[in-house]
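Trainee: Below is a structure I'd like to ask you about.
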Amino acid sequence: DTDGVIKSPTQITLAGCVNYAQAYQHGKYLLRVNKLILRTITLKADIDAIGCQYGDQVLVQHDVPRWGEGGRIQEATTLTLKLDRKVSMVNGESYGVIVRLSDDKLVTKPVITQPGETETITVASAFESVPQEQDLYSFGLINKIAKPFIVIDVDRDDDKRATISAIEYVEAVYEESLDAPVINYGDY
């Protein structure tokens, strides 16, 4: 803390920790987790619809918290997508789309902004493989097309359904802290 007072001390045991720098790095990691990881989600789905496991990063699209707008593609060419609903764009904003092709490949493309509401969007660069009717899409602001999460648990129900629990993924949490301060024990 900047005022030198520890406000909420805590203790943890680090098995295999052999030096101060390693303990400091782990402590900084835990502080970043506490500061940056704010959301968890729980999803239920049919067991055959789940293509992830513990530790995987998944993208979640949901209309209510505005993590993109999603649905199914109605028609497509190499440069245009006709969506199953109208989407709104505002001049001066940058938009993008993620399409899950029928071979499960995710393709992310920037979208040419067309102010107003439209159900046909134009991508800035051509698709190598033209999306098919009923392929899934997520559309939104370029950094908010879908929110990344890390799967922390997959529980199977008796009725061939599963529950996925995940925590939000924030890249800054995993940046290693190498700035451990040097403690001079000779001044005491």
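The values are calculated or read from the model by the stated rules, or taken from the named source; none is laboratory data. Values in this document were obtained by computation on a predicted structure and should not be read as measured data. When we count neighbours, we look across all protein chains shown, and the Cβ atoms used for this are built from the backbone with ideal geometry, even at glycine. Remember, those area values only see protein heavy atoms, side chains included, never the ligands or the DNA or RNA. Shrake-Rupley method; radii C 1.70, N 1.55, O 1.52, S 1.80 Å.
Trainee: Compute the length gained on full extension between residue 132 and residue 24: take 0.36 nm times their separation in residues and subtract their Cα-Cα distance, giving the result in nm to one decimal. If you can, show how the numbers build up before the last one.
Mentor: Values: separation 108, 0.36 × 108 = 38.88 nm, distance 5.09 nm.
Full extension of this stretch gives 33.8 nm more.
Trainee: With every protein chain left in place, what is the accessible area per residue of the chain in square angstrom, probe 1.4 Å? Can you show the working numbers first?
Mentor: On the way: 12970 Å² over 188 residues.
On a per-residue basis, the chain sits at 69 Å².
Trainee: Per residue of the stretch 148-164, in order, report the coupling 6.51 cos²θ - 1.76 cosθ + 1.60 (Karplus, θ = phi - 60°) as ³J(HN,Hα) in whole Hz, putting x for Gly and Pro.
Mentor: So the J values, rounded to whole Hz, are x, 9, 10, 6, 10, 6, 10, 10, 9, 8, 6, 9, 6, 10, 9, 10, 9.
Trainee: Once the Cα atoms of the chain are picked out, what are the Rg and Dmax in Å?
Mentor: Here Rg and the maximum Cα pair distance are 22.4, 74 Å.
Trainee: When you count, for each residue, the other Cβ atoms within 10 Å and take the mean per peptide, how do 54-64, 152-162, 74-84 rank with the highest first? Don't jump to the answer; show the numbers that get you there.
Mentor: On the way: 54-64: 13.6, 152-162: 11.6, 74-84: 15.6.
Packing proxy ranking, top to bottom: 74-84, 54-64, 152-162.
Trainee: So how far apart, in nm, are the two label points at residue 84 and residue 39 if each is 7 Å from Cα heading toward Cβ?
Mentor: My value for the distance between the label points is 2.2 nm.
Trainee: In the stretch 1-152, carbon and sulfur make up what percent of the accessible area (probe 1.4 Å)?
Mentor: Details: 5060 of 10160 Å².
Its accessible area is 50 percent carbon and sulfur atoms.
Trainee: Grab the DSSP H runs of the chain that are 4 residues or longer, score each as -39,500 (n - 2.57), total them, divide by all residues and round the 222 nm result to the nearest 500 deg cm²/dmol.
Mentor: Working: 1 runs with 17 residues, N = 188.
Taking each H run of at least 4 residues, the total per residue is -3000 deg cm²/dmol.
Trainee: Given points 7 Å out from each Cα along the Cα-Cβ axis, report the residue 49 to residue 143 separation in nanometres with one decimal.
Mentor: Between residue 49 and residue 143, the label points sit 3.1 nm apart.
Trainee: Taking the radius of gyration and the Kirkwood hydrodynamic radius from Cα positions alone, what is the Rg/Rh ratio for the stretch 1-99, to two decimal places?
Mentor: Values: Rg = 22.2 Å, Rh = 19.3 Å.
Dividing the radius of gyration by the Kirkwood radius yields 1.15.
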